[in-house]
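Taking it in order: structure first as structure tokens, then the write-up.
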Number of protein chains: 2
Amino acid sequence: MLGDRIYSRDGSSLEAVVGRMLRERGATVSVAESCTGGLLGERITSVPGSSDYFVGGFLVYTDRLKTDLLGVDPELIPQHTAVSEPVAEAMALGARARTGSTYAVSVTGEAGPESATGVPVGTVVIGLAGPDGKAHACRYALFGDRAGIRARAAQWALDDLRRCMSGNPR
Amino acid sequence: MLGDRIYSRDGSSLEAVVGRMLRERGATVSVAESCTGGLLGERITSVPGSSDYFVGGFLVYTDRLKTDLLGVDPELIPQHTAVSEPVAEAMALGARARTGSTYAVSVTGEAGPESATGVPVGTVVIGLAGPDGKAHACRYALFGDRAGIRARAAQWALDDLRRCMSGNPR
């Protein structure tokens, strides 16, 4: 009944499960983080031996860095806001192209306490680029305070990567 | 007697103190992280309103990304190892130049459990680039397991930035 919502039966953390899946596939991953500010990379690299599959990534807190470092089309942001599917997809594609990783995961969102973009606090969009060179993004409405929203955003980002690799995309 | 080793008398976290100092100076900061994998950016951005002074940064887990993303001279790494003062300084200068931030902090080290570079586990080198366009690095021998070494590395990195801004460099 729970299906693929169970990622571990032995107490392994989600980042350890994702790491094992990447290693089994001989694949690598990079990240492009806005509202999580490094938390996603921190979780991936908390696993010993993660240098086998984690190459690196980008923290792009400002709109300018999303464009300068990741090549996000500067017109996308005023058109869709920084917390949008087109921007999350462009971030993931940019990280993948610049690092040469197999997969790239992006996170853009409003962690609060105030909204800078106009979208409600708790809105997070996660992008995923894969070996086919295409990107897909999902939008989430997360609850909690700033720390809780960031923690949940990193968790969903890892789970989106897990589902993508296991052929059950969200 | 404790002098500038006290960073807070009101319970403020080090990242909040550093954030207040950056805001007071109208300054910004970027990061270039290897062994901390995002933890330094995560701590800086855990403070609400940190987008006033944090612009972003780079996670450069592989040697190749240290060169490709930050412009670290590829000859420096085999010559000095990736955990060295010249590499930490080049990482900080690269992050500062590529983001346009006032300050940039870099972290490179061996968090364990095994050493990939030959330097002892717990060795961490922190680089700091400032408004004068110069960089300076300090080497630390940190104790603890992987999580402990990473946590202490992020703490020293924040404290090095604090001391630099207060005119008491290490």
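Every number in this text was worked out from the coordinates using simple rules, so none of it is lab data. Because the structure is predicted, anything quoted here is derived from the model rather than measured. Backbone-built Cβ (ideal geometry, glycine too); neighbour counts: all protein chains shown.
Looking only at residues in the stretch B:48-75 that are at the interface with chain A (Cβ under 9 Å from one of its Cβ atoms) and under 14 Å from A:Cys35 (Cα atoms), the one that is surrounded by the most Cβ atoms within 10 Å (Cβ to Cβ) is B:Gly57. Can you tell me which residue is surrounded by the fewest Cβ atoms within 10 Å (Cβ to Cβ) among those in the stretch A:148-170 that are of a type in the set (D, E, K, R) and free of Cβ contacts under 8 Å to residues at least 40 places away in the same chain? Here the residue is A:Arg170. Scanning the stretch B:78-99 for residues that are of a type in the set (Lys, Arg) and surrounded by fewer than 24 Cβ atoms within 10 Å (Cβ to Cβ) yields one hit, B:Arg98. For B:Asp145, the criteria (1) without any contact (Cβ under 8 Å) to a residue 60 or more places away in the chain; (2) charged (D, E, K, R); (3) surrounded by 16 or more Cβ atoms within 10 Å (Cβ to Cβ) hold in every case but one, which is (3).
So which of A:Thr102, A:Thr117 ends up being among the hydroxyl-bearing types (Ser, Thr, Tyr), under 17 Å from B:Gly56 (Cβ atoms) and surrounded by fewer than 24 Cβ atoms within 10 Å (Cβ to Cβ)?
On the way: A:Thr102 fails: under 17 Å from B:Gly56 (Cβ atoms).
Sole residue among the options that is among the hydroxyl-bearing types (Ser, Thr, Tyr), under 17 Å from B:Gly56 (Cβ atoms) and surrounded by fewer than 24 Cβ atoms within 10 Å (Cβ to Cβ): A:Thr117.
Would you mind stating whether B:Asp10 is exposed (fewer than 15 other Cβ atoms within 10 Å of the Cβ), of a type outside the set (S, T, N, Q) and in contact with a Gly (Cβ under 9 Å, 6 or more places away or on another chain)? It is false that B:Asp10 is exposed (fewer than 15 other Cβ atoms within 10 Å of the Cβ), of a type outside the set (S, T, N, Q) and in contact with a Gly (Cβ under 9 Å, 6 or more places away or on another chain). Right, B:Pro78: away from every other protein chain (no Cβ under 11 Å), without any contact (Cβ under 8 Å) to a residue 24 or more places away in the chain and closer than 23 Å to A:Ala95 by Cα or not? No: the conditions fail for B:Pro78.
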